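The values are calculated or read from the model by the stated rules, or taken from the named source; none is laboratory data. These figures come from a predicted structure and were not determined experimentally. Here Cβ is always computed from backbone atoms with ideal geometry, including for glycine, and neighbour counts include all displayed protein chains.
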């Protein structure tokens, strides 16, 4: 068996175990910061994370904790006020695990009020339907068209109001490569002219986002997700920036990281301003939180699949989604 697949299976097992732990232990009344730390510690424990060899295995990207009309790329910053999870919230929990750079990226939505049951069930079904469309040589644009067609007639009733369900059209699934979470090939969730084909021995994250809003992404602050720009060769660092860049490269390499992790590693620097400076120099990239309109809700389920010779392996399939 290919070594990357062996590592992918190991990472997926950890991801599934952590997901079960989250669903049994994350309750209303906890702060998002506490939830992030609980998940991070559980991943590190399950994966046998070695602080002296941080790139061997561990957390693949910041823990996404996106509430209600937030779709993705939110995790609490070091200096943010606590946000408390409430009974009427729905929360997308998106986390990654890697073994020697082979990344497993999977997510699910939790809710605590049964009025959201139909919405969440549709979200699960569309993700599993999208996974079923994936096979070697499949044209990725056709997958998007079939996902969009699946959702077009769906609607739900919440608190006596009927909402048509839409796809977040400018969000997509993505290919995954070693130490590279977004590897340049998309899996569209809507019909577009995109003739790339799925190939054998590739990894993909499949993740339709459904919404009661407009389905158009709105970027907001504060930013928490960062990643080294591997295509930038700018060495115009000041002394402090050079030290911080080394911390980032030694601990995360080309994996995404968050501001809070840097403060936890070494709190002596003003990381927010340093990261802003490195962004202006194109040395790092930023990924702002993504929202739909106010008072809408978004649900996401996500699987990582491996493309084999005559089909796929859904590495993150589990009893919940």
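Numbers below:
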quantity	calculated
In the range 66-80, residue modelled with the lowest pLDDT [restricted to those that are surrounded by 16 or more Cβ atoms within 10 Å (Cβ to Cβ) and farther than 13 Å from residue 300 by Cα]	78
Members of the range 187-221 found to be closer than 21 Å to residue 311 by Cα and under 22 Å from the mean Cα position of the chain (by Cα), listed by number	187, 188, 189, 198, 201, 202, 203, 204, 205, 206, 207, 208
Qualifying residue in the range 14-32 (condition: without any contact (Cβ under 8 Å) to a residue 12 or more places away in the chain, in a loop (DSSP other than H, G, I, E, B) and either under 27 Å from residue 223 (Cβ atoms) or more than 19 Å from the chain's Cα centre (by Cα) (or both))	no
Count of residues meeting criterion [in a loop (DSSP other than H, G, I, E, B), closer than 21 Å to residue 205 by Cβ and more than 23 Å from the chain's Cα centre (by Cα)] in the range 136-174	3
Single unsatisfied condition, residue 269 versus (1) outside the structural domain of residue 65 (by TED's automatic domain parsing); (2) at pLDDT 95 or above; (3) buried (at least 17 other Cβ atoms within 10 Å of the Cβ)	(2)
Leading residue by the ranking (nearest to residue 125 (Cα to Cα)) among those in the range 225-238 that are in contact with a helix residue (DSSP H, G or I) (Cβ under 7 Å, 6 or more places away or on another chain) and modelled with pLDDT of 95 or more	226
Selection count where residues are touching a helix residue (DSSP H, G or I) at 6+ places or on another chain (Cβ under 7 Å) and buried (at least 24 other Cβ atoms within 10 Å of the Cβ), scope the range 81-98	3
Given (1) touching a residue at least 24 places away in the same chain (Cβ under 8 Å); (2) out of contact with any strand residue (DSSP E or B) (no Cβ under 8 Å at 6 or more places or on another chain); (3) under 30 Å from residue 138 (Cα atoms), number of the condition residue 290 does not satisfy	(2)
Residue in the range 209-220 that is over 30 Å from residue 300 (Cα atoms) and either out of contact with any helix residue (DSSP H, G or I) (no Cβ under 9 Å at 6 or more places or on another chain) or surrounded by fewer than 21 Cβ atoms within 10 Å (Cβ to Cβ) (or both) present	no
From 3, 13, residue being surrounded by fewer than 19 Cβ atoms within 10 Å (Cβ to Cβ), modelled with pLDDT of 95 or more and more than 17 Å from residue 87 (Cβ to Cβ)	13
The range 136-147 residues that are free of Cβ contacts under 8 Å to residues at least 24 places away in the same chain, paired with ones that are not in a helix (DSSP H, G or I) (beta carbon under 7 Å, 6 or more apart)	146/133
Strands (runs of 3 or more DSSP E) lying entirely in the range 56-101 (those with 1 or more residues that are closer than 14 Å to residue 223 by Cβ)	64-67, 70-72
Options 41, 52; residue that is surrounded by fewer than 16 Cβ atoms within 10 Å (Cβ to Cβ) and either in contact with a helix residue (DSSP H, G or I) (Cβ under 7 Å, 6 or more places away or on another chain) or part of a helix (DSSP H, G or I) (or both)	41
Any hit, the range 112-133, residues being outside any helix (DSSP H, G or I), under 13 Å from residue 303 (Cβ atoms) and assigned by TED's automatic domain parsing to the domain that holds residue 197	yes
